[in-house]
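*Asks:* This is the structure, below, for whatever I ask next.
Just so you know, all these numbers are worked out from the coordinates, no wet-lab data involved. Just so it is clear, the structure is predicted and the values come from calculations on it, not from any experiment. Positions of Cβ are backbone-derived with ideal geometry, glycine not excepted, and every protein chain shown enters the neighbour counts.
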Amino acid sequence: SSNAPITPGSAGAGGPNVPWAARGGGLVRIEVAQDLLLDGTLTANGAQGSLFGALMQGGSGAGGGIYVQAANFRGSTTAVLRANAGSGTSGPTSWVGGGGGGGRIAVWFAVPPNRVQGILDGTDLRSVSITNTCRYFLGGVSATNGIGYTNVPPDGSAVGTIEFVTVDLEKGTFIKIF
């Protein structure tokens with residue numbers, strides 16, 4: 001699902017004259033019981049379509065998945081989350097590869113463990129916030145589709161999804177600070 005990706009991206013298409021396909025992006029899954037501060041890069045990109053000889057190009061791989069669960073989540077200005085698709089290759093003929101679809105990025109933070117299953121199956125969505133940005137993440141995030149030379153959007157590959165999932169404190173919540 002888009003709010004909890006658990007599979008890698010699909011490979012691009014080969015064909016009778018293109019014996020291999022570009023690999024899809026991998027799967028990055030991080031579960032942290034404490035706070036997570038991301039200063040680096042998490043990448044699950046699909047590969048670019050392959051050129052087979054001078055005439056035939058294979059399709060590109062889809063972006064993969066990035067799934068993070070943490071008590072709290074922050075990202076510095078140097079942090080990057082990326083699950084982009086590969087773009088098609090260009091060639092001298094019309095036999096060129098298409099772009100892959102964008103991947104899935106989901107970051108869950110401040111979600112009590114006893115609420116996870118209810119959010120996943122849709123039976124407990126009270127006070128749940130799902131957005132494509134996070135004020136605590138100052139870096140870059142992308143799940144773009146690949147540009148194809150035979151499947152230009154809107155007829156071609158789709159962009160991926162980016163979701164930050166959290167549970168807001170409910171009204172009337174009492175917090176005692178010592």
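*Asks:* For the ranges 79-88, 117-126, what's the packing order if you count other beta-carbon atoms within 10 Å of each residue, average per peptide, and put the highest first?
*Replies:* Going from most to least packed, we get 79-88, 117-126.
*Asks:* Treat each spin label as a single point 7 Å out from the Cα along the C-beta direction, and report the residue 39 to residue 121 distance in nm.
*Replies:* Inter-label distance under the simple model: 4.1 nm.
*Asks:* Take peptides 27-35, 42-50 and line them up by average Cβ neighbours within 10 Å, highest first, as a rough protection proxy.
*Replies:* For the peptides 27-35, 42-50, the packing ranking is 42-50, 27-35.
*Asks:* In addition: Mind giving me the nanometre distance, one decimal, between the label points for residue 78 and residue 31, set 7 Å out from Cα along Cα→Cβ?
*Replies:* Computed distance between label sites residue 78 and residue 31 equals 3.0 nm.
*Asks:* Using a simple spin-label model with points 7 Å from Cα along the Cα→Cβ vector, what separation in nm is obtained for residue 136 and residue 169?
*Replies:* Between residue 136 and residue 169, the label points sit 1.3 nm apart.
*Asks:* With r as the distance between the Cβ atoms of residue 71 and residue 159 and R0 = 45 Å, compute the FRET efficiency 1/(1 + (r/R0)^6) and round to 0.05.
*Replies:* The pair residue 159/residue 71 has a calculated efficiency of 0.90.
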